[in-house]
Amino acid sequence: MRKFKEVLIEKTLLTSALITILVTLGIILVLSIEAFNFFREVSIVDFLTDTQWTPLFTEKHFGIMPLLSGTLLTSFIAIVFAVPVGLTISIYISEYAPKSFRKTIKPALELLAAVPTVVYGFFALTVVTPFLQSFIPGLSGFNSLSAGLVMGIMIIPFISSLSEDALHAVPNSLREAAYGMGSTKLQNAFRVLVPAASSGIIVSIILAISRAIGETMIVAIAAGQQPRLTMDPTVPVETITAYIVQVSLGDVEHGSLEYRTIFAAGITLFIFTFLLNTLSYRIRKKFREKYE
C-alpha cells in the first residue's frame, strides 16, 4: 500500500507537469496558426517596419511599432518607479525594521497584489491623472505617465517581497564579517547583502517586468486607445494588451483579417517576453556564478 501511494503521487505530479506543458504548447499552436494566416495577407516586413497601426480604419496599416512603443513606455515608467521603491522597502524590512514590524508590514504590502487591476485603472484615471495635471501643463486625460506610475504601485509587492526574502536568506556570517571590518549598516546593506542576494533580486525584477508588460486593465482604462509611435509620456498611447481587449469586445467580425490582428499582436508579445526572460535568465546565471 505504501509503494502504491508513492507511485500514485509520482504519477499525479507527472500528469500535472504534462498538463502544464500541453496547455503551453496549445497556446503557442493557436497563436502560431492564426498568426500564420494573418501573415499570408500582410507582409511581415510591413508589420515590423510600418509606423502606423490602423487595422480598424478605412485606410489600413498593420505596423506593430506604435503598440510596441506604448507597451515599452508604460512598462519602463512602471519599472523605473517600482524598482528603487521596492528595493528600498525590502532593505528596510530585512535590515532595519523590528521583527514584529516585519511580520505586520510584509503581509500588508502583499495585499496590494490582491487589488483588482480594474480598480488600479480607475484610480489612475480619476486620482493620479488629475493630480499630475495640476502641475504638468498639457497632460492629456489619458496618458502613459499615470498608467505607468500606477502599474509601478501594483508591482511594488513583487519586488519588495521577493527581494526581502532573498536578503533575509543571506547567511548571517556575511553580515557579521562586514560589521567586523567596520562597515556601517548602510554599507553592509548595499555593498554586501545586495550583491550577495543579487540573483533573487534580479528574479523579482524579472517577474515585475513580465507583470508590467502583460498588464491589461490599467493601460486600457488610463493610457487611452490611440496607437502612436512616441516616447512622450504625456499623450495617449495604446499597448498590445489594450488593443487585444479592444478587438475582443465583439465589434470585429470573427475570422476576418482585422480579427486576426490580435493573434499577430499576441505572438509578438509572446516572442518579446520570451526573449526578455531568456536574456534575464542569462544575466541571473552570470550573477550567480560571480557571487556564489
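Observations on the model:
- With the convex hull constructed from alpha-carbon coordinates only, region 191-234 shows a mean projected area of 4.9 nm² over all directions.
- Size descriptor, Kirkwood hydrodynamic radius, that averages inverse alpha-carbon separations across region 117-162, Å: 11.1 Å
- Cα-based shape type of region 70-124, given that a ≥ b ≥ c are square roots of the gyration tensor eigenvalues and the cut on a/c is 1.5: oblate
- Positive-end residue of 280, 114, 178, charge dipole of the chain with Cβ unit charges: 178
- Calculated P(r) tail over 23 Å for region 32-165, as whole % of Cα pairs: 53 percent
- Based on the Kirkwood approach, the hydrodynamic radius assigned to region 125-277 is 18.4 Å, with every pair of different Cα atoms included.
- Efficiency of FRET between residue 85 and residue 8 - r from beta-carbon atoms, R0 41 angstrom, step 0.05: 0.30
- Normalised by residue count, region 1-110 yields a Cα convex hull volume of 224 Å³ per residue.
- Region 1-58 and region 146-170: distance between their alpha carbon centers, rounded to Å: 28 Å
- Each helix, a run of at least 4 DSSP H residues, gives -39500 (n - 2.57); summed and divided by the residues of the chain, these come to -22500 deg cm²/dmol at 222 nm.
- Most to least accessible of 254, 168, 61 (protein chains only, probe 1.4 Å): 254, 168, 61
- When the P(r) is computed for the chain, the part past 32 Å accounts for 41% of the Cα-Cα pairs.
- The convex hull of the Cα atoms of region 107-195, projected and averaged over all directions, covers 8.1 nm².
- The region of the chain that goes longest without hitting one of the chymotrypsin sites (Phe, Trp or Tyr not before Pro) in a DSSP loop, each with at most 14 other Cβ atoms within 10 Å, is 136-292.
- Calculated FRET value between residue 111 and residue 207, using beta carbons and R₀ = 22 Å, to 0.05: 0.80
The values are calculated or read from the model by the stated rules, or taken from the named source; none is laboratory data. The shown structure was predicted, so the numbers you read here are calculated from the model rather than taken from an experiment. Cβ atoms come from the backbone with ideal geometry, glycine included; neighbour counts cover every protein chain shown. Ligands, DNA and RNA are excluded from the accessible area calculation, which covers all protein heavy atoms including side chains. Shrake-Rupley method; radii C 1.70, N 1.55, O 1.52, S 1.80 Å.
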